[in-house]
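Asks: Structure below; questions to follow.
Please treat every number below as a calculation from the coordinates, not as lab data. Note that the structure is a prediction, hence the values are computed from the model and not measured. Every residue, glycine among them, receives a Cβ derived from its backbone with ideal geometry; neighbour counts consider all protein chains shown.
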Amino acid sequence: MTPRIPDKSVTAQGNYAGSVSRFLAYAIDLFASSAVYTLVLAAISYVVQIVSGKQVSWNRQDIVVVVTYVAWEFFYFGYSWAVSGRTFGMAVLGVRVVRADGAVAEPWRGVVRSLVFPLSFLLLGLGFLGILVQRERRALHDLIAGTAVIYAWDARAARLRFLAREAETARIPPGG
Amino acid sequence: MNAHRRITDPVEGMAQRVAERVVDLVLNAVDLNAIIKRVDLNAVLAQVDVNALLAQVDVTALLEKVDLNSVLAQVDVSALLDQVDINGLLAKIDVDALVRQTDLGAVIARSSGGVATEALDAARSQAVGLDQTVDRWVQGALRRKRPAPSAPRALLDGEDTPPAPPSDAPAAPEPDAPAAPEPDAPAAQPSEPPAREAMK
């Protein structure tokens with residue numbers, strides 16, 4: 001079954017991204033960054049075991065693990081937003097960070113955005129409410145960093161691919 | 001007989017000379033331009049069977065005499081193209097029908113994307129649909145009088161440089177040419193005009 005790509009996906013490009021896309025992008029990022037962090041820890045354990053012969057085990061309550069994890073998350077999000085305006089999860093969902101007026105966001109905004117991002121969590125998650133109720137769908141960290149999130153995927157090409165697949169399927173004779 | 005000719009020949013010659021002289025005098029005295037101006041050419045042309053006239057013309061022979069290359073060499077193609085509204089022309093092309101009904105669709109289907117691309121297209125499209133559903137609920141609950149802006153100012157008005165185009169950035173949708181709704185897709189939100197300069 002070929003997935004349908006409606007016109008609304010095409011016309012939505014450049015518009016403020018909605019809550020579902022942003023949440024899914026964040027979930028993918030959280031999973032990807034945690035997976036990479038875990039793999040790195042596993043690699044370190046393996047190397048230490050090979051070199052010293054000692055078994056190294058990481059504990060979630062270990063302050064070193066917590067600090068390095070938090071630092072890694074800041075780096076993962078801050079670097080991605082500063083360099084390209086999108087993280088891996090945002091690239092998958094086709095959304096990107098721009099300046100509040102729609103122009104390309106300066107790298108420092110990406111860094112600031114990642115630094116103030118936890119604030120949206122710390123206020124009982126109320127910081128994220130802006131994505132739903134704020135007129136420009138900007139969360140607290142967006143307001144502080146002067147950024148916004150928009151749809152930026154090639155929906156037009158996706159729609160053409162969908163139409164092409166549909167036409168191709170229609171041309172294939174039954175049982176052929 | 002000879003006597004008769006001796007009289008008539010000089011008279012005829014004289015009459016000829018007199019007639020020529022009279023015609024010269026009359027033509028010099030008459031303003032032909034003024035007369036032509038008074039002629040109703042339309043009435044004259046109405047009596048002419050142009051089709052019958054053209055039927056007698058051998059167009060092929062006529063064109064063989066014309067050096068089309070030299071004629072075309074004198075044509076300023078750039079000036080000609082400047083007068084053509086290419087964007088308007090392209091806007092009239094039904095790309096969807098083009099892809100559906102021509103081999104272009106097969107070329108696109110074979111050259112672009114695999115299962116992963118297909119899944120990604122579907123996931124993104126589904127997410128956009130869910131976003132719009134959630135947004136409709138929230139807007140309905142908030143009962144806003146003024147519709148919220150659909151896109152940042154620079155992307156709506158084209159006042160500023162749009163974001164750096166990603167490799168898969170789409171072309172800007174036309175604001176005054178809303179796309180036709182899908183048969184099974186929910187109606188587009190009238191309060192949300194599409195971004196004009198989005199992601200060129």
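Asks: For chain A, what relative contact order do you get, as a whole percent, if you take Cα pairs closer than 8 Å and at least 6 residues apart?
Replies: Reported relative contact order: 30 percent.
Asks: To make sure I understand, if each residue's beta carbon is the centre and we count other beta carbons within 10 Å, what order do A:His141, B:His4 fall in, fewest to most?
Replies: Listing A:His141, B:His4 from fewest to most nearby Cβ atoms yields B:His4, A:His141.
Asks: Let me ask you something else. Sequence gap at least 6, Cα distance under 8 Å: using those rules, report the relative contact order of region A:95-176 to the nearest whole percent.
Replies: 34
Asks: Follow-up question, since we're still on this one. When only DSSP loop residues count, what trypsin sites (Lys or Arg not before Pro) in region A:79-176 have their Cβ near at most 13 other Cβ atoms within 10 Å?
Replies: A:Arg135
Asks: Where does the Debye-calculated log10 I(q)/I(0) of region A:53-166 sit at q = 0.11, 0.21 Å⁻¹, using only Cα point scatterers of equal weight, no solvent?
Replies: -0.48, -1.13
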